Amino acid sequence: MVRTRFAPSPTGSLHVGNARQAVLNWLFTEKEGGQFILRIEDTDAARNVPGSEQQIVEDLSWLGLDWEEGPTAEGIDRGAYGPYRQTQRNELYREYALRLLASGKLYHCYCTQAELDASRDAAIARGEPARYPGTCRAATPEQIGRWEAEGRPAALRFRMPLGQTITVHDIVYGDVNVQSDGIGDFIVLRSDGQPTYNFAVVVDDLQMEITHVIRGVGHLSNTPRQVVLYQAFEAPEPTFAHVPMVLGEDRQKLSKRHGAQALADYRRQGYHPEALVNYLSLLGWSSPTGEEVLTQAQLVEQISLDRIRNADVVFDPAKLAWLSGKHIERLSLDELLKAVKPFVDRDRFDLTDDLMHVAVAATRTHLTKFSEINDQLAAFFPGGTPARTAAPDVVRAAIAALERIPEWSESALAEAIKAAGKAVNAKGRTLYEPLRMALTGREHGPPFTAVLLVQGRQRVLDGLRAAEQGAQ
RNA sequence: GCCCCCAUCGUCUAGUGGCCUAGGAUUCUGCGUUCUCAGCGCAGCGACCGGGGUUCGAAUCCCCGUGGGGGUACCA
């Protein structure tokens, strides 16, 4: 059984880089028929932002990613491997650490921060790797006794095997080899009893029986430490797949100045969530068929970890917008209306459902995100230049034709306008432009009959008459 | 400092020694279709980081540079 996890820190809304990892994890798990787990890595109290967990849950739900185990929307854990917040798992870390201590894989370290800093600086000055010199590893019982007597707090350090080549087998990056001597003994449990990240993840992934670890490359450099911990526990390593970093347009790490990076921003702007999933999956991965517009179901079917590239990628908002438009286009009219509804500015556009239907149908290929509906609706109504026309004869003919129109329907309107044009020898541009101008004050807009339909008889005739008079 | 990773059009990518005078997508430009806009169709601009090897042959393999990134914490 494939078991994967997404383990964000609760520092606010998911950003697109994180979200991509969630997407890849979910897609892969779904394909394998496995179980996806949500775990909150909240051990850094200083960075935790209140309400983040709720936010993350909402973000994932919006994307349509669900999880078998982990905190739910109600904040309650679901699953048999909990708790799913690291701060609630301290007992477990302690227990696992004790196991390693007992087998001699760990030792107490009494070094102070100042001593650590000094030896580190000295090592760099000598051109050597900046690793722990092993002071306490080699300490005699007498020294240890002295430190204990001084009341120095002790951390637990991992006894790194010497002279070994540690290999991380990674699906995306291949085998990465590192010399154990370059790493040195690292802390596993701090002197205050808190676990360090590298220890906590291993314990968590082990205890939760995670089979595939899919996460950002940022973690690749630390993975050798984790590999060695798995070996110390005499447990099989999970399969690793590190995914390249997502950068801003300037090739710098995504940050505030890159505009929207929070997933919540895209939701608020009304991007199609499936487009986000689609775009995020395309960042570093490509379908074997070469297709790019893919539904969630198609992605699940086609995803494969070994087609993920290992070079960093730049997030391109333009392509996301294009994809969002593509996904919006494939929505049925009813679905689109429903999706667009919350974004409509009711104060400006108080349309009946029927008229909204007409308006949305006429502008669906214009939408790249749902919030743009208001710009589209605006083109149906007066605005811009004041009503007055340069072609009074056309306007007059239109008035005459529309006054006599049997019913205010699309086909009748189309016919009436054409007939009016014929009467004054106008068609195409010379016919529609003056009329559109008179009614909306714009050169461009939706199909003209849709404008007439949406504005309604009264408003159209009033508008045309005003334009005719303005011209005189 | 030391260790690790990366490098094809602006961007996302195809490409695993000959199929590559490097293909697709996006952006941009032009043309066509349409009352206009959007869309759609067609066309165009646009790339193998540099230098050495290996080979009959290299975007593809090796080495060295260069540039970028990550790690090196009692951060995650």
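General observations
- In this structure, the residue pairs whose Cα-Cα separation is over 28 Å, taken from A:K253/A:K338; A:K31/A:K326; A:K319/A:K341; A:K253/A:K369, are A:K253/A:K338.
- For A:S332 and A:H169, the FRET efficiency from 1/(1 + (r/R0)^6), where r spans their Cβ atoms and R0 equals 35 Å, is about 0.15.
- Here A:K105 is the anchor, and the aspartates and glutamates within straight C-alpha reach of less than 13 Å, apart from those fewer than 8 places off in the same chain, are A:D185, A:E234.
- Built amide H within the under 5 Å cut-off of A:R5, gap 5+: A:I37, A:I214
- Unpaired cysteine residues in chain A (no second Cys Cβ under 4.7 Å): A:C111.
- Extension gain from A:I124 to A:Q298, taking 0.36 nm per residue of separation minus the Cα-Cα distance: 57.5 nm
- The orientation-averaged shadow of the Cα convex hull for chain A, equal to a quarter of the hull surface, comes to 30.0 nm².
- Per DSSP, loop GluC sites (Glu not before Pro) in the range A:390-472 with at most 15 further Cβ within 10 Å: A:E407, A:E443
- Amide H contacts of A:I40 (H built 1.01 Å from N, under 5 Å, at least 5 apart or other chain): A:R85, A:Q86
- Between A:K253 and A:N310, the distance separating the two model label sites (each 7 Å from Cα on the Cα→Cβ line) works out to 2.2 nm.
- Once the Kirkwood radius over Cα pairs is known for the range A:1-84, the Stokes-Einstein relation at 10 °C and 1.306 mPa s delivers a diffusion coefficient of 124 µm²/s.
- Ranked for footprinting exposure by Cβ neighbours inside 10 Å, fewest first, A:L435, A:L464 give A:L464, A:L435.
- With a Förster radius of 56 Å applied to the C-beta separation of A:R131 and A:K319, the computed FRET efficiency comes to 0.85.
- Taking 18 Å as the cut-off, the amide N atoms of the range A:132-150 that come nearer than this to a point 7 Å along the Cα-to-beta-carbon line of A:D117 belong to A:132-133.
- Three-way shape label, the range A:295-336, alpha-carbon gyration tensor, a/c 1.5: oblate
- Equivalent ellipsoid, the range A:77-123 (semi-axes from 5 times Cα gyration tensor eigenvalues, Å): 33, 16, 8
- Cα pair distances in the range A:214-372, grouped into 10 Å bins until the bin that holds the longest one, percent each: 9, 30, 28, 19, 9, 4, 1
- Overall form of the range A:83-207 per C-alpha gyration tensor (a/c, 1.5; a/b vs b/c): oblate
- For the range A:192-222, backbone nitrogen atoms closer than 18 Å to the point 7 Å from A:A45 Cα along Cα-to-C-beta are found at A:192-197.
- P(r) tail fraction, the range A:368-468 - alpha-carbon pairs more than 22 Å apart, %: 22 percent
- Membrane-span-like helices in chain A, defined purely by DSSP H runs whose alpha carbon atoms cover 27 Å or more axially and whose average Kyte-Doolittle hydropathy reaches 1.6, do not occur.
- Modelled this way, with points 7 Å down the Cα-to-C-beta line, the labels at A:R346 and A:D181 are 7.3 nm from one another.
- Quarter of the Cα convex hull surface for the range A:174-289, i.e. its orientation-mean projected area (nm²): 11.2 nm²
- Label-point separation, A:D265 to A:T87 (7 Å along Cα→Cβ), nm: 2.7 nm
- If you wrap the tightest convex hull around every Cα atom of the range A:227-319 and split its volume per residue, you get 151 Å³.
Every number here is computed from the coordinates shown, using simple stated rules; none is lab data. Worth saying up front: this structure is predicted, and the values here are computed from it rather than measured. Virtual Cβ from ideal backbone geometry, glycine too; neighbours counted across all protein chains shown.
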